[in-house]
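Let me begin by presenting the structure, written as structure tokens, before commenting on it.
The values are calculated or read from the model by the stated rules, or taken from the named source; none is laboratory data. Note that the structure is predicted; figures quoted are calculated from it, not measured. We place every Cβ from the backbone using ideal geometry, glycine too, and count neighbours over all the protein chains shown.
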Amino acid sequence: MSLAELNPYWLIPIIFFARVVDVSLGTFRVIMVIRGHGLVATLVGFLESMIWIMAVGGVIANLDQWYLVIAYAAGFASGNWVGIWLESRAAIGTELVRAISKNSEHLLADALREAGYRPVRLAGSTASQAPVEVILVVVPRRKVPGLVKIIHEVDPEAVYTVSDLKTVHDSDPSLDSSIKSLLWAWKIRRK
């Protein structure tokens, strides 16, 4: 029995969930492309296209059933949210955290080093020539929340920004953004 031969009412949840999965994978795939994970994006794209063909085939075979079009559109909308959520849970990639602290006693850099981060400290000044400490830290994305927490605890008035990095050349294996880190992320997230 093919998908087109099913009762159209059974097709509603099938098409909806197929679109949720398909669009979630598509959202995840695009983010992987942007972050430079071509192999992951290729594998996800293959699976995504197979699911899309199944979902669109069910709608096209039953174009006179308006509720299937609604299921298709609702699955698309829901899939965007689910894809973004999945990508945030995987936390794949490397980030650059920049923090500016008006406390010039090097407290922030020292606290980050004690916590196992590798900050680079630069001396700076504000427009009024007040000294500031500028901290740069390259970290795996999954470690950003802990780093930000320390910044807030040590200097609640510090200003910080977080930027995605596409490529990092470093001998630190924790910054590896290859397929191994994707598998590690899925393993950790499932626990």
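Annotation note: of 25, 68, the sole residue that is of a type outside the set (Val, Ile, Thr), more than 24 Å from residue 148 (Cβ to Cβ), part of a helix (DSSP H, G or I) and under 27 Å from the mean Cα position of the chain (by Cα) is 25. Taking the stated definitions as given, is residue 118 under 31 Å from the mean Cα position of the chain (by Cα), part of a loop (DSSP other than H, G, I, E, B) and surrounded by fewer than 17 Cβ atoms within 10 Å (Cβ to Cβ)? Judged against the criteria, residue 118 is a match. As for segment 55-66, it holds no residue that is closer than 30 Å to residue 167 by Cα and buried (at least 19 other Cβ atoms within 10 Å of the Cβ). Consider segment 71-126 and keep the residues that are of a type in the set (Val, Ile, Thr) and touching a Phe, Trp or Tyr at 6+ places or on another chain (Cβ under 8 Å). The one that is farthest from residue 58 (Cα to Cα) is 100. Out of 87, 95, one residue alone is in contact (Cβ under 8 Å) with a residue 60 or more places away in the chain, crowded, with 19+ Cβ neighbours inside 10 Å, charged (D, E, K, R) and within 20 Å of residue 25 (Cα to Cα). It is 87. Taken over segment 107-134, the criterion of being touching a strand residue (DSSP E or B) at 6+ places or on another chain (Cβ under 6 Å), within 19 Å of residue 169 (Cα to Cα) and in contact (Cβ under 8 Å) with a residue 24 or more places away in the chain is satisfied by 117 alone. Remark: pairs (first residue in segment 29-47, under 16 Å from residue 91 (Cβ atoms); second residue of a type in the set (Asp, Glu); Cβ separation under 8 Å; 6+ apart in sequence or on different chains) = 31/87; 34/164; 35/164.
Using the structure shown, decide if residue 100 is of a type in the set (Val, Ile, Thr), outside any loop (DSSP other than H, G, I, E, B) and without any contact (Cβ under 8 Å) to a residue 60 or more places away in the chain. For residue 100, the condition - of a type in the set (Val, Ile, Thr), outside any loop (DSSP other than H, G, I, E, B) and without any contact (Cβ under 8 Å) to a residue 60 or more places away in the chain - is not met.
Within segment 2-51, the set of residues being within 25 Å of residue 67 (Cα to Cα), of a type in the set (A, V, I, L, M, F, W, C) and surrounded by 22 or more Cβ atoms within 10 Å (Cβ to Cβ) comprises 11, 15, 18, 20, 23, 25.
Filtering segment 29-53 to residues that are on the phi < 0 side of the Ramachandran plot and at pLDDT below 85 leaves 31, 32, 34, 35, 37. Taking residue 42, is it farther than 15 Å from residue 80 by Cβ, in the same structural domain as residue 84 (by TED's automatic domain parsing) and either of a type in the set (Asp, Glu) or part of a helix (DSSP H, G or I) (or both)? It is true that residue 42 is farther than 15 Å from residue 80 by Cβ, in the same structural domain as residue 84 (by TED's automatic domain parsing) and either of a type in the set (Asp, Glu) or part of a helix (DSSP H, G or I) (or both).
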